[in-house]
Structure formats: C-alpha cells, structure tokens
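Everything on this sheet refers to the single structure shown next.
Computed from the coordinates by the stated procedures, all read-outs in this text should not be read as laboratory data. Note that the coordinates shown come from a computational prediction; the quantities given were computed from them, not determined experimentally. Positions of Cβ are generated from backbone atoms using ideal geometry, with glycine treated the same way; all protein chains shown enter the neighbour counts.
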Amino acid sequence: MTRIAIIGAGVAGLTLARRLQGSAEVVVFEKSRGVGGRMATRRVDSFDFDHGAQFFTVRSEAFREFLKPYQARGLVQQWQPRLLSLAPDEKPGECAWSEPHHVAVPGMTALCKAMASGLDLRLETRVEALHRQPDDRWRLAIGADRSTAFDWVICTAPAPQTYALLPPEFVQQHPLLGDNTMAPCIALLLGLQSTPDWHFDAARIQHDVLAWLSCEASRPGRAECQAVTLHSTATWAAAHLDDPDDVVAASMLAALRDITGPSLPPIAVQQVKRWRYAKADALESPQLLLDPDLQLAAAGDWAHNGRVEGAFLSGQRLADALLTHIQKSA
C-alpha cells in the first residue's frame with residue numbers, strides 16, 4: 001500500500017489524512033503538542049482563550065456537508081455576539097454579519113481533535129528535512145533520527161515554512177510558495193477578575209495597534225469567566241514580533257484603553273501569543289501544488305484564498321487529485 005507522510009495537523013492536513021485513509025497508509029507529523037494549527041484554544045488557570053482563528057464561515061456545499069455531523073453532535077455551533085465597530089474618540093458603530101459565523105465547541109481546537117480521531121498522529125515531532133532515497137522514496141529527518149520511507153510527502157505548514165522544507169525542484173515549479181509572505185498577528189490573552197463595563201461581546205477595531213477584541217464567554221459552550229482575546233493589526237505585529245512580552249502587552253493594553261476607556265478590571269492572567277504566519281495573501285484562484293514525479297505535494301489555506309474553509313477545500317482538492325494518481329498507478 002502507498003505510504004504517505006503528511007506534515008502538519010491543521011485543518012488541511014487532517015482533511016487530507018481522513019480522505020486518504022483506507023486508500024493509503026497515512027502518518028501525520030505535527031511539531032506542536034496538539035492538533036489544529038491556528039484553530040487554537042489555550043487554557044491558562046481557569047481561563048480559556050480561542051487565541052487563533054476566531055470563527056469560520058461556510059460558503060461551499062462541500063464544507064457545509066462536511067460540517068453536518070459535527071453540528072449534529074454540537075461540536076460546531078453558530079456564534080451570534082453583540083458586535084460593534086470601535087475607534088478612538090468615535091461613537092461605537094453597530095455591525096451586522098452578512099452570513100452565519102461558526103465556532104467549534106467547547107473551544108476552537110475541538111473540531112480538529114474530532115477530525116484527528118483514529119489517525120496515525122505523531123505529535124511533538126518536527127520534520128527538519130527530506131531525503132530522497134535511491135528507490136525514489138522519501139525519508140524524513142526527525143531530530144537525530146530518520147523515519148521509515150514514504151512514497152509521498154505532503155506539507156501543509158504555512159507557505160514560508162513549506163518553502164523552506166520542500167526541495168528546490170518542487171519549489172521552483174510552484175512560485176506561489178516563494179511569493180506568499182503571510183501576514184503576522186500578535187494575540188494578547190487577558191483573564192479579568194471581574195466583568196468589564198462593555199456593551200458588546202466582540203469588536204472590530206480601527207486602531208494602529210489593535211484590530212479585534214473577543215469576550216470568550218459569549219461563545220457557545222464557554223465558561224463564564226472573563227477571558228478576553230485581543231488581536232493586533234498585521235502592520236503593527238510585523239514591526240513588533242521580536243519585542244519582549246511585557247513591551248508588547250503594555251502597548252496593546254494602552255491601545256485597549258484608548259478604545260474602551262481607562263477603567264479596566266484587575267488582570268489575573270496576561271499572556272502574549274505570536275502568530276508569525278496568520279493571514280495568507282489573496283489569490284486570484286485556488287492552487288493545486290502536486291508533483292507526481294517527485295511524489296511531493298503541498299496544501300493549506302494559503303493555497304485556497306485563506307480562511308478555515310479554504311484550508312479544508314485545499315486539502316480536499318489535493319486528496320482527490322492524489323487518489324486519482326494512486327489509483328492509476330496501482
């Protein structure tokens with residue numbers, strides 16, 4: 001049976017693994033302690049933070065059908081926050097989403113945990129390099145060791161990391177990998193000791209430093225504790241990614257007070273999380289990155305116009321193409 005290594009256990013990688021399972025022997029390698037990528041939830045003391053992807057929309061029939069069993073189980077639910085647009089020294093403006101926005105329950109990582117069930121998943125395993133063998137199979141360098149050989153390797157890491165990992169022969173065929181820079185974001189996680197005097201659950205923010213605020217308790221299935229997640233603008237994050245945590249937090253808190261006023265309940269928990277590759281460049285059309293001769297491929301939201309749904313569709317499209325190739329080669 002064809003052996004396939006998938007690097008990355010985010011939505012794209014897990015979609016690939018689930019669709020290929022049964023037609024190939026699939027192993028998923030993930031450098032982090034858990035699955036989900038930017039579909040992330042972090043617990044700090046009694047506070048839970050969805051500090052990566054804040055929600056997702058559903059615009060394709062394929063993604064809608066995929067989500068139905070998870071919705072039936074209550075793992076995916078619609079989020080309907082009191083949403084405002086905020087800017088310094090301006091009256092808050094009401095916002096209305098034009099389409100339903102969904103979250104995973106009880107945290108954003110829950111959907112990916114369910115998708116990972118039953119897969120051969122190797123967590124905390126960083127693939128450092130690929131080595132082509134005389135029989136045209138691939139061995140993965142993992143620390144001082146190398147894995148068993150694989151017929152195919154698929155990378156679903158962010159575009160810059162995929163560019164760095166896959167060999168030049170593949171990268172040169174797919175300029176998207178070199179051109180896609182991906183914008184960063186810095187998240188500030190605040191656990192407050194009491195409820196802030198705000199009349200909203202989430203806000204789009206017009207500020208040089210801040211772009212988004214979410215009160216976690218407003219999401220379905222969340223605890224009632226006062227957990228707040230702030231997201232920076234991409235421009236500010238790019239300039240301050242390497243600043244110390246206390247400097248980053250001070251700047252983001254000052255921006256928050258610019259927006260909501262000087263009074264803020266005492267802070268029990270404060271953490272900074274950096275997303276170096278948070279948002280993909282816009283594409284004119286989705287890209288399929290697959291080389292049957294090298295037996296390498298890549299997928300991710302960055303290959304399908306971003307968003308959680310884009311990661312799913314990228315993984316699905318690549319899986320279908322790879323299954324066709326495997327069946328023809330059998």
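Brief remarks follow.
- Structure remark: mean-square fluctuation, Gaussian network model of the chain, C-alpha springs under 10 Å; the largest value among D89, D136, D281 belongs to D89.
- For R59 and A149, a Förster radius of 30 Å and the Cβ-Cβ distance give a FRET efficiency of 0.15, rounded to the nearest 0.05.
- Using the Cβ-Cβ distance between S23 and A114 with R0 = 22 Å, the FRET efficiency computed as 1/(1 + (r/R0)^6) comes to roughly 0.55.
- Label point at W212 placed 7 Å out along Cα→Cβ; residues across region 236-250 whose backbone nitrogen lies under 19 Å: 236-241, 249
- At full extension, D135 and E99 could sit 7.9 nm farther apart than now, given 0.36 nm per residue minus the alpha carbon distance.
- Between A217, A303, A62, the Gaussian network model of the chain with springs among Cα atoms under 10 angstrom shows the greatest mean-square fluctuation at A62.
- For region 1-131: rounded, prolate or oblate by the Cα gyration tensor [a/c cutoff 1.5]: prolate
- Proxy reagent accessibility, fewest Cβ within 10 Å first, across W275, W236, W97: W97, W236, W275
- Compactness of the chain as Cα Rg over 2.2 N^0.38 Å, two decimals: 1.04
- Full extension of the chain segment joining E169 with S32 gains 46.6 nm, where the gain is 0.36 nm per residue of separation less the Cα-Cα distance.
- Applying 1/(1 + (r/R0)^6) with r as the Cβ-Cβ distance of Q71 and D179 and R0 = 45 angstrom yields a FRET efficiency of 0.80.
- Against the main long axis of the alpha-carbon atoms of the chain, helix 61-72 sits at an angle near 70°.
- Too-long pairs where the Cα-Cα distance tops 24 Å, listed order kept, from K68/K113; K31/K279; K113/K273; K68/K328; K31/K113: K68/K328
- Phi to ³J(HN,Hα) by Karplus 6.51 cos²θ - 1.76 cosθ + 1.60 over region 265-274, Hz, x for Gly, Pro: x, x, 9, 8, 9, 8, 9, 10, 10, 9
- Whole-number D in µm²/s for region 146-191 (Stokes-Einstein; Kirkwood sum over Cα pairs; 25 °C, 0.890 mPa s): 189
- Residue-by-residue Karplus 3J(HN,Hα) for region 196-213, coefficients 6.51, -1.76, 1.60, Hz, glycine and proline x: x, 7, 10, 10, 7, 9, 8, 8, 8, 10, 9, 7, 5, 9, 9, 10, 7, 9
- In this structure the amide hydrogen of W212, modeled in the peptide plane, comes within under 5 Å of the amide hydrogens of I205, H231, none closer than 5 places in sequence on its chain.
- Cα centroid of region 134-156 to Cα centroid of region 83-124, whole Å: 34
- Calculated on the alpha-carbon coordinates, the convex hull of region 88-203 measures out at 235 cubic angstrom per residue.
- Residue separation of E124 and S85 scaled by 0.36 nm, minus their Cα-Cα distance, works out to 10.1 nm of gained length.
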